[in-house]
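Worksheet: the structure to be examined is printed underneath.
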Amino acid sequence: LAPKTKLLAVGVNPIIGLLAGKVEVVGIPQGNPDWIVLRPVDASVLKGSRLHTLAKAALKTGESVTVIGFPDTAHEQRVTQTITAISPNNEFVVFTEPLEPGYSGGVVLNAKNQAVGVAVSTGTKQSIALLLSPDKITSLEWKPFEQVRHRRVEP
């Protein structure tokens, strides 16, 4: 993504060794240093990834979603979850059941097979996903990787 390009899709397949390669730019959300978007120098590392359109409509409590991950396997696994809670700032959702480790970083899809978020926390008590939206993506501040790679964020 170039600094003024809109994100149209979210990839599904894991990219083994991506961070061992070179990252070109980093998209940093305003006011939330908890997540970033990376763009590799060599886009061919994304070859073979399936892309899903980014949803424009927000999720609702009680809605079913599909989470894609790779728990203890190299093969894609899918699990259906129901949204039990949405954070007041519309940043995160909580699922009805905990996800197995290996779903972290996996795309969350709505009923239309559109990307709505990324699983960020799996555990024995609950699992949550970071919600994505076109507004969140278009408001990213893009910086060259070399400018931010040693940056430390204080709590």
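Every read-out reported here was derived from the displayed coordinates using simple, explicitly stated rules and does not represent laboratory data. In this text, all values refer to a predicted model and were calculated from it rather than measured experimentally. Cβ atoms come from the backbone with ideal geometry, glycine included; neighbour counts cover every protein chain shown.
General remarks:
- When each of Lys47/Lys112; Lys47/Lys136; Lys22/Lys56; Lys60/Lys136; Lys56/Lys136 is checked by Cα-Cα distance, pairs over 20 Å: Lys47/Lys112; Lys47/Lys136; Lys22/Lys56
- Working note: Cα atoms of the range 28-97, range along each principal axis, descending, whole Å: 39, 34, 23.
- Zero-based 5 Å bins, Cα pair distances in the range 61-155, whole percents: 3, 13, 21, 20, 16, 13, 10, 4, 0
- For Lys125, a cut-off of 13 angstrom between C-alpha atoms picks up these aspartates and glutamates, skipping any fewer than 8 places away in its own chain: Glu97, Glu100.
- Sites Ser87 and Glu63, calculated FRET efficiency, Cβ-Cβ separation with R0 22 Å, nearest 0.05: 0.90
- Here the extension length gained between Thr138 and Thr80 equals 18.0 nm, from 0.36 nm per residue of separation less the Cα-Cα distance.
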